[in-house]
Amino acid sequence: MQNISNTSPNDDSSENVHAFLDFLDRDIQNNPQNLQTLDGDLISYVQSLFVGEEIDIDAPIDQPFPKFGSAKGLVKMSDNFDEPLEDFEEYAPSS
């Protein structure tokens, strides 16, 4: 099978894309039995999402991929996050 990645890694995002495409390539070669044809209705639906849109698959991605840890501090768990929920008490083991 031909390697589908024609990009040369020059930054973190293209390295990630390259690594992902390599992963897909290996998985397809090692597990061809998992490949399935796409349903015609799904293809039509996806195509309908882009009607009137011009797509250049060679254009660079405008936004960089998020970096690991970039959302640190943006999510706060409540102090009682791990406490049992009252709605599920009847399903909990008795103590």
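The values are calculated or read from the model by the stated rules, or taken from the named source; none is laboratory data. All values reported here derive from a predicted model rather than from experimental measurement.
The table for this structure:
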read-out	value
Glu54 vs. criteria farther than 27 Å from Asn16 by Cα and either under 20 Å from the mean Cα position of the chain (by Cα) or of a type outside the set (Val, Ile, Thr) (or both)	no
Within segment 40-95, tally of residues that are of a type in the set (Ser, Thr, Tyr), assigned to a loop (DSSP other than H, G, I, E, B) and either at pLDDT below 90 or within 30 Å of Glu15 (Cα to Cα) (or both)	3
